[in-house]
Amino acid sequence: MGQAYERPFRPIEITDSTITSFSLLRMAEQLMTEEVIDHAGRNSLSLVHGKDLTVVLIVLKDQAVLDEHTAPGPITVTVLSGHLEFSTATESKPLKTGDAAVCAAHLPHSVKALEDSAFLLVIGGREK
């Protein structure tokens, strides 16, 4: 079986006629094998980047943390494999394979892997 993608990988630019598919689980498996994961405990691949929408595939090794940060738009985190803890200053949500969480733009949040995990991050939508 060949690689799911090749670096450098260029995110898809959305146009009026864009239709593209991704093998997310194969891509996540490949991200877990790249050298950076051994040093940083995480790796990512921007799949789509547009004015109103960004889609990123992220993998985290067990116990890796994305420290508290914010996003410029509302976000959706969908767990593709593994187990995450998604936290804000006021609450923490355990997320397992198939679970999703959403939060508002600019809300400080963090993510911790409770086992090797892969998730899809979607940033986009309209702020009120």
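Checking each residue in the stretch 59-103 for being surrounded by 15 or more Cβ atoms within 10 Å (Cβ to Cβ) and at positive phi picks out only GLY82.
Which of the strands (runs of 3 or more DSSP E) found entirely inside the stretch 51-128 contain at least 2 residues meeting this: touching a Phe, Trp or Tyr at 6+ places or on another chain (Cβ under 8 Å) and free of Cβ contacts under 8 Å to residues at least 24 places away in the same chain? Show your work before the answer.
On the way: elements: 53-60, 65-69, 75-81, 83-88, 92-96, 100-103, 109-113, 117-124.
Ranges flagged: 92-96.
State which residue is modelled with the highest pLDDT when the search covers only the stretch 1-47 and only residues that are of a type in the set (Val, Ile, Thr) and more than 24 Å from ALA64 (Cα to Cα).
Quick first cut of the stretch 1-47, residues of a type in the set (Val, Ile, Thr) only: 12, 14-15, 18-20, 33, 36-37.
With more than 24 Å from ALA64 (Cα to Cα) added as a condition, the list becomes 12, 14-15, 18-20.
On the way: ILE12: 88, ILE14: 82, THR15: 80, THR18: 74, ILE19: 84, THR20: 85.
Going through the qualifying residues, I end up with ILE12.
Against the list (1) closer than 28 Å to GLU13 by Cα; (2) in contact with a Phe, Trp or Tyr (Cβ under 7 Å, 6 or more places away or on another chain), the condition ASN43 fails is (2).
Among the residues of the stretch 7-33, the one identified as over 16 Å from the mean Cα position of the chain (by Cα), within 19 Å of ALA118 (Cβ to Cβ) and surrounded by 10 or more Cβ atoms within 10 Å (Cβ to Cβ) is THR33. Exactly one residue out of VAL102, VAL56 is touching a Leu at 6+ places or on another chain (Cβ under 8 Å), under 26 Å from ILE14 (Cβ atoms) and not polar (S, T, N, Q): that is VAL56. So, LEU45, is that one surrounded by 14 or more Cβ atoms within 10 Å (Cβ to Cβ), touching a helix residue (DSSP H, G or I) at 6+ places or on another chain (Cβ under 8 Å) and not in a strand (DSSP E or B) or not? No: the conditions fail for LEU45.
Every residue, every condition in (1) closer than 24 Å to ALA4 by Cα; (2) modelled with pLDDT of 95 or more; (3) over 13 Å from the mean Cα position of the chain (by Cα), yes or no:
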{"position": "ILE58", "(1), (2), (3)": "yes, yes, no"}
{"position": "ASP62", "(1), (2), (3)": "yes, yes, yes"}
{"position": "GLU68", "(1), (2), (3)": "no, yes, yes"}
{"position": "PRO72", "(1), (2), (3)": "no, no, yes"}
{"position": "PRO108", "(1), (2), (3)": "no, yes, yes"}
{"position": "SER117", "(1), (2), (3)": "yes, yes, no"}
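The values are calculated or read from the model by the stated rules, or taken from the named source; none is laboratory data. Remember, predicted model here, so these are calculated numbers, not experimental data. Glycine also receives a Cβ, built like all others from the backbone with ideal geometry; neighbour counts cover every protein chain displayed.
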